[in-house]
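J.: Before I ask anything, here is the structure I am working with.
The values are calculated or read from the model by the stated rules, or taken from the named source; none is laboratory data. Only a predicted model underlies this, so the values are computations on that prediction, with no experimental measurement involved. Using ideal geometry, Cβ is built from the backbone for each residue, glycine included, and neighbour counts are taken over all protein chains shown. All accessible areas refer to the heavy atoms of the entire protein, side chains included, with ligands and DNA or RNA removed. Shrake-Rupley method; radii C 1.70, N 1.55, O 1.52, S 1.80 Å.
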Amino acid sequence: MSPRHTNPVAVVTGGARRMGRQLCTTLAARGYDLVVLFRDSEAEARSLEQEIRDGGQRARAMAVDVAVEGQVARVFDDITSIEGRLDLLVNNVGNYNPQHVTQLDPAVWDATLAANLSGAFYCCYHALRLMTGGGNIVNIGMAGLEGIRANVHGTDYYVSKTGLLVLTRALAAAHAERQIRVNMVSPGQLENSIDLPPPHEIGASVPLGRAGSLRDVAQAVEYLLDAAYLTGVNIDVSGGYRL
Ligand SMILES: NC(=O)c1ccc[n+]([C@@H]2O[C@H](COP(=O)([O-])OP(=O)(O)OC[C@H]3O[C@@H](n4cnc5c(N)ncnc54)[C@H](OP(=O)(O)O)[C@@H]3O)[C@@H](O)[C@H]2O)c1
């Protein structure tokens, strides 16, 4: 396959809003052309596409439900024929709808695992076939996965993120000889977290005494892209949360 883009190409899942959007604009500023994947947020995805193009990079937004393997396959087929190369995949989709484990609806369990874990696997599976000249995968986890404790609210979410860490390490080991690095960035309590404590209480759970910003997370992703000797690592970006 001869690459049609001279710039490196990055795919970001759930890229239209919030963290995904920050990651897309950060990567565009580093010289990546972007494929922004969204599910429902078409207006935000189109405005991001325009913002990135105005900044001088190429950008293309595509709708996909990452939980449906056939849709993921079509997206990557499309990237093969249009961009002709892939250098970076960021699996940013991560649905968090906390229910107490004693009340956890099986349909919520299935949906969380399908989007957060199977969806990431499907994207890795198809992306890895396109990364013929080396590459990077960054999976977005959650802080505290090492030595995880009981979490009775959002157990489905914690299971999905633990599985994602296992997947990260397995793919890192399996694809290192192809010069493909697979790492994880795990945010703690961010300024936009749905269960953020009030500012005067945050020091009780976050030793650095503040919520994290989207920029803090993007910085860790950039670090991993620069750190050519790192693979299979998980970086908590959490101000010491759950130390
Ligand atoms: N925010 C935090 O405080 C925090 C803390 C720890 C970890 N994290 C992790 O950081 C990542 C980003 O967090 P966030 O709060 O920015 O995420 P978010 O707003 O909850 O979700 C990001 C995007 O995922 C997309 N999405 C959801 N299900 C999808 C599916 N089945 N197929 C395709 N796209 C789907 C949605 O796209 P559409 O809008 O287009 O539908 C959504 O905008 C997640 O992995 C999360 O677990 C976040």
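J.: For the stretch 31-70, what is the relative contact order in percent, using Cα pairs closer than 8 Å and at least 6 residues apart in sequence?
T.: Working: 44 pairs, mean separation 20.4, N = 40.
About 51 percent, as a whole number.
J.: So, by mean Cβ neighbours within 10 angstrom, what's the order for 22-30, 215-223, 147-155 with the highest one leading?
T.: Numbers: 22-30: 22.1, 215-223: 18.2, 147-155: 12.7.
Sorting 22-30, 215-223, 147-155 by mean packing, highest first, produces 22-30, 215-223, 147-155.
J.: Please list, ordered by chain and number, the residues whose modelled amide H lies under 5 Å from the amide H of Leu89; skip anything fewer than 5 residues away on the same chain.
T.: Placed amide hydrogens put Val11, Asn136, Ile137, Val138 under 5 Å from Leu89.
J.: Would you mind classifying the stretch 148-232 by shape? Square roots of the alpha carbon gyration tensor eigenvalues, ordered a ≥ b ≥ c; an a/c under 1.5 is rounded, otherwise it is prolate if a/b is larger than b/c and oblate if not.
T.: Verdict is oblate for the stretch 148-232.
J.: Dividing the alpha-carbon radius of gyration of the stretch 1-93 by 2.2 N^0.38 Å (N being the number of residues), what value is obtained? Don't skip to the end; give the middle numbers.
T.: Working: Rg = 12.0 Å, N = 93, 2.2 N^0.38 = 12.3 Å.
Expressed relative to 2.2 N^0.38 Å, the Cα Rg reads 0.97.
J.: Mind ordering 192-201, 135-144, 77-86 by average Cβ neighbours within 10 Å, highest first?
T.: Details: 192-201: 10.5, 135-144: 24.4, 77-86: 16.9.
The most tightly packed comes first, giving 135-144, 77-86, 192-201.
J.: Sticking with this structure for a sec: I'd like to check one number: the per residue accessible area of the stretch 1-118, probe 1.4 Å, reported in Å² as a whole number. Display every interim value, and only then the final one.
T.: Working: 5340 Å² over 118 residues.
Normalised by residue count, the accessible surface of the stretch 1-118 is 45 Å².
J.: Pairs of Cα atoms under 8 Å, at least six residues apart: use those to get the relative contact order of the chain, whole percent. Show your work: numbers first, answer last.
T.: Values: 451 pairs, mean separation 42.5, N = 243.
Result for the chain is 18 percent.
J.: Right, here's the next one. Once you compute Rg and the Kirkwood Rh from C-alpha atoms, what is the Rg to Rh ratio for the stretch 179-226? Before the final figure, lay out each step's value.
T.: Details: Rg = 13.2 Å, Rh = 12.1 Å.
Value, to two decimals: 1.09.
J.: Now a separate question. Ranking request for peptides 116-126, 48-58: highest mean number of other beta-carbon atoms within 10 Å first, then the rest in descending order.
T.: Packing order, densest peptide first, comes out as 116-126, 48-58.
J.: Which far-off residues, 5 or more places away or on another chain, put their amide H under 5 Å from the one on Ser186, with H placed in the peptide plane?
T.: Gly141, Ile235, Asp236, Val237
J.: Using Cα pairs closer than 8 Å and at least 6 residues apart in sequence, work out the relative contact order for the stretch 1-128, in percent.
T.: Numbers: 199 pairs, mean separation 37.1, N = 128.
Over the stretch 1-128, the number comes to 29 percent.
J.: Further, regarding this structure: Within the chain, what percent of beta bridges assigned by DSSP are antiparallel, to the nearest 5?
T.: Working: 1 of 29 bridges.
Of all bridge pairs located within the chain, approximately 5 percent are antiparallel.
J.: With charges only on Cβ, +1 for K and R and -1 for D and E, what is the dipole size of the chain about its Cα centre, in debye, rounded to 20?
T.: Details: 21 positive and 25 negative charges, 89 e Å.
Rounded to the nearest 20 debye, it is 420 debye.
J.: With θ set to phi - 60° and the Karplus curve 6.51 cos²θ - 1.76 cosθ + 1.60, what are the ³J(HN,Hα) couplings of the stretch 125-133 in order, to the nearest whole Hz, using x for Gly and Pro?
T.: Calculated HN-Hα couplings, in order: 4, 6, 5, 4, 6, 8, 7, 7, x Hz.
J.: For the stretch 143-239, which whole-number percentage of the solvent-accessible area (1.4 Å probe, protein heavy atoms only) is attributable to carbon and sulfur atoms? The partial results should precede the final answer.
T.: Values: 2780 of 4820 Å².
Carbon with sulfur: 58 percent of the solvent-accessible area.
J.: Which percent of Cα-Cα pairs in the chain sits in each 5 Å bin, short to long?
T.: 1, 7, 14, 18, 21, 17, 12, 6, 3, 1, 0, 0
J.: Kindly provide the trypsin sites (Lys or Arg not before Pro) of the stretch 150-210 that DSSP labels as loop, not H, G, I, E or B, and whose Cβ sees at most 13 other Cβ atoms within 10 Å. Numbers along the way, then the final one.
T.: On the way: sites: Lys161, Arg169, Arg178, Arg181, Arg210; in loops: Arg210.
Answer by residue number: Arg210.
J.: In degrees, nearest 10, range 0 to 90: what is the angle between the Cα axis of helix 18-29 and the longest Cα principal axis of the chain?
T.: It is inclined by approximately 40 degrees.
J.: Residue-wise, which Karplus ³J(HN,Hα) couplings in Hz belong to the stretch 224-236, taking 6.51 cos²θ - 1.76 cosθ + 1.60, θ = phi - 60°, and x for glycine or proline?
T.: Using θ = phi - 60°, the values come out as 5, 5, 7, 8, 5, 9, 9, 8, x, 9, 10, 9, 6 Hz.
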